[in-house]
Amino acid sequence: MSAKTILYVEDNEVNRRLVRDLLKRTTYRLLGAPDRETGMAMARREHPDLILMDVQLPKVSGIEATRTLRGEVATAATPIIAITSFALGGDEQKARAAGATAYLAKPYSPRQLLEMIRRLLPEDEGAGG
Ligand code: MN
């Protein structure tokens, strides 16, 4: 059995590293992509079990990327958590309208993010199998 895989689409490398550190002590496997195109290619190849989507992506926003992923067979039903840097009015509504399953606005604690991930994608218990 392979580890449950999380794809994190985020252009900011520091944020990607923070989440990688957060998930280090879990059984999740983390993939990182800096933009929509890379994220889509990874999603088609790796079939992630959950997607973390930064809303503020360059060129194509995370809202648009979420909509695109919802149209892909590989990710049509995959839980997507949209993450935004600020709780601007309308962001959550736009993310949900695009197909996001859940929404998290900064500032949030790493614990909050991990709880949300575990709620949508229960962690494997123990290794092996
Ligand atoms: Mn960003």
Rounded to the nearest 500, what is the chain's calculated 222 nm mean residue ellipticity when only DSSP H runs of at least 4 contribute -39500 (n - 2.57) each, over all residues? -11500 deg cm²/dmol
Straight-line reach from Lys24: which lysines fall under 23 Å, measuring Cα to Cα and dropping same-chain residues less than 8 apart? Lys4, Lys106
How big is D, in µm² s⁻¹, for the chain by Stokes-Einstein at 4 °C and 1.567 mPa s if Rh is the Kirkwood radius over C-alpha pairs? 89 µm²/s
Let me know the charge dipole size of region 1-89 about its Cα centre in debye, to the nearest 20, where only the beta-carbon of Lys, Arg (+1) and Asp, Glu (-1) is charged. 280 debye
Please give the length that would be gained between Arg17 and Glu37 if that part of the chain were fully extended, namely 0.36 nm times their separation in residues minus their C-alpha to C-alpha distance (nm, one decimal). 5.2 nm
What are the residues whose amide H is under 5 Å from the amide H of Leu30, where those residues sit 5 or more places off or on another chain and H is modelled from the backbone? Ile6
Ranked by how many other beta carbons lie within 10 Å on average, peptides 108-119, 33-44, 71-82 from highest: 33-44, 71-82, 108-119
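Each value in this text was obtained by applying a stated rule to the coordinates, not by laboratory testing. Because the structure is predicted, anything quoted here is derived from the model rather than measured. Positions of Cβ are backbone-derived with ideal geometry, glycine not excepted, and every protein chain shown enters the neighbour counts.
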